[in-house]
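These notes are about the structure you will find just below.
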Amino acid sequence: MKPSCKSRRRRRVSTAWGRLTCGPLAGWLLLAACALTPLGPAGAASPEKIPAAASILPLGDFLTRIGGELVQVTVLIPPGASPHVYEPSPAAVAGAARARVLVYVGAGLDPWVSRLVARRGPNDPGVVQATAGLPLIAEVQSHGHDHHKGKGATHRHDQGNPHIWLDPVLAQDICRRIAAALMAVDPEHRETYQANLSRYLAELEALHREIEAAVATFRLREFVSFHPAFTYFARRYGLTEAGVIEAAPGREPTPGQLRRLVATIRRSGVKAVFAEPQLSPRAAEALAREAGVKVLLLDPLGGRPPYGSNYLQLMRHNLAVMQQALQ
Ligand SMILES: [Zn+2]
């Protein structure tokens, strides 16, 4: 059964196609999904390429940059979907089991990959958990992400905020570990991976410096985010996430929380609140109306025009959006 567009936010969809047939961008997303996710068994990939998989688009882009022509990258969460409310089909996950390099976020964001990883054993050199070994920002108990709504007991992870890829400095660390995994499974092409890594690290460093310089010119330092996705970004660049509209995606604010958010907006002077393209903007729109500010879209995942799956372009786009709200 296909979910309607209205109910998709809280429903886990069994196929990418069910989700992608919703919304005005459907056609574009469908094309993007075809380009990004050579669907189906690894047999579809050219035999000489290393099959690799990532749970979300930014990690898929890192893999593609470092692996270059040598890898065939599959991304499990399609463009337009959020890992908070979408789970890939068992067939898609099984396809990823054949990936020789597998990159995922961890910390409860993509638990369906964790299960796959558990089957591969703890010492598989091709597995990269992006959050592993990083000191994660704790999520306040009431701010935990609920991942499995309506599926018996609520699974609220207390493993920390998982959105580390939105900090371009932590992204460099993730890329180093992706390169190490590629070198471990394909030592013959070590030098290529090392060269690709060096080039991409320089680009990430340039991005970091650019954001630093731009944020230094912001008139305001506080912002109200849709869900706590830009917490690491804020910490890196000296901004404050003064309020969060939905502590967990899909959990709309109570009237009391809404009143406090309106007060925060008035006090901080922000000209906009943020929504995200993968989640319903309803709560952000209600808050914006109440507070008399605009709604702007910040995108933690990518997969839309004009940046597509390009992480560097995605982050520059997000920077420009923040600039509109805080300058
Ligand atoms: Zn999130």
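Values as computed for the structure displayed
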read-out	value
Test: residue in the stretch 242-251 that is free of Cβ contacts under 8 Å to residues at least 40 places away in the same chain, more than 20 Å from residue 83 (Cβ to Cβ) and in contact with a strand residue (DSSP E or B) (Cβ under 9 Å, 6 or more places away or on another chain)	yes
First in the stretch 92-104 and of a type in the set (Ser, Thr, Tyr), second anywhere and surrounded by fewer than 23 Cβ atoms within 10 Å (Cβ to Cβ) and modelled with pLDDT under 95, Cβ under 7 Å, 6 or more apart	none
Selected residue [within 14 Å of the ligand (Cβ to nearest atom) and either under 22 Å from the mean Cα position of the chain (by Cα) or in a strand (DSSP E or B) (or both)] from 243, 302	302
Residues (of a type in the set (A, V, I, L, M, F, W, C) and either assigned to a strand (DSSP E or B) or away from the ligand (no atom under 16 Å from the Cβ) (or both)) located in the stretch 51-82	52, 53, 54, 62, 63, 66, 70, 71, 73, 75
Residue in the stretch 257-270 that is among the charged types (D, E, K, R), buried (at least 17 other Cβ atoms within 10 Å of the Cβ) and either over 29 Å from residue 207 (Cβ atoms) or touching a Lys or Arg at 6+ places or on another chain (Cβ under 6 Å) (or both) present	no
Sole residue being of a type in the set (Asp, Glu) and modelled with pLDDT of 95 or more, chosen from 246, 276	276
Single condition residue 236 does not satisfy, out of (1) within 16 Å of the ligand (Cβ to nearest atom); (2) under 17 Å from residue 136 (Cβ atoms)	(1)
Residue, modelled with the highest pLDDT, within the stretch 83-105, restricted to residues that are in contact with a Gly (Cβ under 7 Å, 6 or more places away or on another chain) and in a loop (DSSP other than H, G, I, E, B)	100
From the options 320, 284, 263, residue that is within 16 Å of the ligand (Cβ to nearest atom), assigned to a helix (DSSP H, G or I) and either farther than 30 Å from residue 76 by Cβ or modelled with pLDDT of 95 or more (or both)	284
Some residue of the stretch 196-206 being away from the ligand (no atom under 16 Å from the Cβ), touching a Gly at 6+ places or on another chain (Cβ under 9 Å) and either in the same structural domain as residue 299 (by TED's automatic domain parsing) or part of a helix (DSSP H, G or I) (or both)	yes
All positions within the stretch 155-176 that are at pLDDT 95 or above and among the small types (Gly, Ala, Ser)	171
Residue 146 being within 16 Å of the ligand (Cβ to nearest atom), in contact with a strand residue (DSSP E or B) (Cβ under 6 Å, 6 or more places away or on another chain) and modelled with pLDDT of 85 or more	no
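The values are calculated or read from the model by the stated rules, or taken from the named source; none is laboratory data. This one's a predicted model, so the numbers in the text were calculated from it and none came from an experiment. Here the Cβ is made from the backbone with ideal geometry for all residues, glycine too, and neighbour counts use every protein chain on show.
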